[in-house]
Amino acid sequence: MMIDKTHDPALQSWVESANRPGCDFPIQNLPVGVFQVPEESRTRLGIAIGDFILDAGEWLAGDVLDGYVALSATQRRDLRQEWSNALEAGSGRATALSTRRVSNAVAGGRWGLQPISTLQFTTQRMWADYSDRIIH
């Protein structure tokens, strides 16, 4: 059974590496995490997609996961839907806001779409009762 339309196996992304068979981060799996560019001391929130991290600064304030985890399940589901719509290949459903936000993040160059292989990741906190599956 499909959880919701963001988990549709037929969804494809304009981020080509997200469409490869066996990809860890296809459009159906958009985890949020904390990343750091090696030469910078500041951490940022990002969304994994294919072989890249999309800076989540256009959607989420701050540089730690606390604010994201504090959102209600409905708010997190809505964010996931917005990310999925914006990252979907040829999406006629993408909202103007989602499209603008992704365009701004990608146009930001350095802080837009970053190759995962060039980044460092941090573990800030463990939540005993938290699971990515709950929020979808």
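Taking 17 Å as the cut-off, the amide N atoms of segment 27-61 that come nearer than this to a point 7 Å along the Cα-to-beta-carbon line of Asn19 belong to 27-29, 49-52.
Shown are Asp24, Asp51, whose ranking by accessible area with a 1.4 Å probe and every protein chain present, most to least, is Asp24, Asp51.
At the residue level, Glu82 shows approximately 40 square angstrom of accessible surface with a 1.4 angstrom probe and all protein chains present. Residues with beta-carbon under 12 Å from that of Ala18, excluding Ala18: net charge, scoring Lys, Arg +1 and Asp, Glu -1? Result for the neighbourhood of Ala18: -3. Sorted largest first by accessible area at a 1.4 angstrom probe radius, with every protein chain in place, the residues Phe121, Phe35, Phe25 fall in the order Phe121, Phe25, Phe35. Annotation: amide H of Phe52 within the under-5 Å range of Ile116, sequence separation 5 or more or interchain, hydrogens built in the peptide plane.
The values are calculated or read from the model by the stated rules, or taken from the named source; none is laboratory data. The structure presented is a predicted model; accordingly, all values stated were derived computationally and were not measured. Cβ atoms come from the backbone with ideal geometry, glycine included; neighbour counts cover every protein chain shown. The accessibility values were calculated without ligands, DNA or RNA, using every heavy atom of the protein model including side chains. Shrake-Rupley method; radii C 1.70, N 1.55, O 1.52, S 1.80 Å.
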